[in-house]
Amino acid sequence: MQTDTTRFALYAAGIFLISFAGGLIPLLRRWSHSQLQTLISASAGIILGVLFFDLLPSASPTTPHFFTAALAGFILLFTFEKFVFIHPHETEELSAQRSGLAAYFGISFHALLDGLALGSSAMIPGLAPVVAFAIIAHKVPDTFSLSSILTFFGYSRRRTMGMLVFFSLLTPLGGALALWFLRDVQPQALGMLIGLASGTFLFIATSDLLPHAHEHHEGRFKNLAAVIVGILLIALARHSPLH
């Protein structure tokens, strides 16, 4: 148990630092609206890549009612964004911030699932390094995308930094929960959680992010290319020998 805890602590610390560093990149300079649109388009591609190359293949074949859970995740985030966070007289700025919060909620849920995988793998020495690398490989694009999304939707730099710190802690927190409390969890239960995360990712990409790829006629083909590049990045990471 002591070895498991030490191994987990090392991986968790590395993941936290890399996650936070990735989120700082979009904050190092001011981005124009056009550049942020391109970043948002790439973010949509990254999220779609994670959904179709990681989440769906990992659990859907072995989890009963997986797609029912995915539909529930989609409806859950739709309800939060359109009915819970809504205000009948909200300004365009508040509406945009609501979309940013919904994206933050969905991506954070996926970060917790990463933590469950990390904590579980820490109990198996041969598996832990591979799982940790797979998580680290998409943490930089995840937090880069999240920081870009929050910036695009009007969040201040200070508030974005605070939200990045909390987000970066979620995977270590999820790992701690798995390490201490979920030793005997059934694989189907984790599969249902992945299904919920898949639904939230689908909603974020299609409802919140992709519409900005063709918001203006100018630059729409560049934004389409950014979507494809984002998908390809995850595809390459998924099929790398170290994944």
Selection within region 14-45 - open to solvent by less than 10 Å² (accessible area, probe 1.4 Å) and among the hydrophobic types (A, V, I, L, M, F, W, C) | I15, I40, A44
Conditions (1) within 19 Å of the chain's Cα centre (by Cα); (2) under 17 Å from L36 (Cα atoms); (3) at pLDDT below 85; (4) open to solvent by 70 Å² or more (accessible area, probe 1.4 Å): number failed by H217 = (1)
Kindly list, by first and then second residue, each pair from a residue in region 53-79 that is farther than 9 Å from T200 by Cα to a residue that is surrounded by 15 or more Cβ atoms within 10 Å (Cβ to Cβ) and among the basic types (K, R), limited to pairs with Cβ atoms under 7 Å and residues at least 6 apart or on different chains.
-> F53/R238; D54/R238
What is the number of the single condition among (1) surrounded by 23 or more Cβ atoms within 10 Å (Cβ to Cβ); (2) among the β-branched types (V, I, T); (3) at pLDDT below 75 that V130 does not meet?
-> (1)
Quick one: would you say G195 is open to solvent by less than 50 Å² (accessible area, probe 1.4 Å), modelled with pLDDT of 80 or more, under 16 Å from Q35 (Cα atoms) and not aliphatic (A, V, I, L, M)?
-> no
Kindly indicate the residue of region 174-189 that is part of a helix (DSSP H, G or I) and surrounded by fewer than 16 Cβ atoms within 10 Å (Cβ to Cβ) and also modelled with the lowest pLDDT among those meeting that condition.
-> P187
How about region 160-173: which of its residues are over 14 Å from the mean Cα position of the chain (by Cα) and open to solvent by less than 20 Å² (accessible area, probe 1.4 Å)?
-> T160
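The values are calculated or read from the model by the stated rules, or taken from the named source; none is laboratory data. This one's a predicted model, so the numbers in the text were calculated from it and none came from an experiment. For neighbour counting, all protein chains shown are included, and Cβ atoms are generated from backbone atoms with ideal geometry for every residue, glycine included. To get the accessible areas, we keep the full protein, side chains included, count just its heavy atoms, and leave off ligands, DNA and RNA. Shrake-Rupley method; radii C 1.70, N 1.55, O 1.52, S 1.80 Å.
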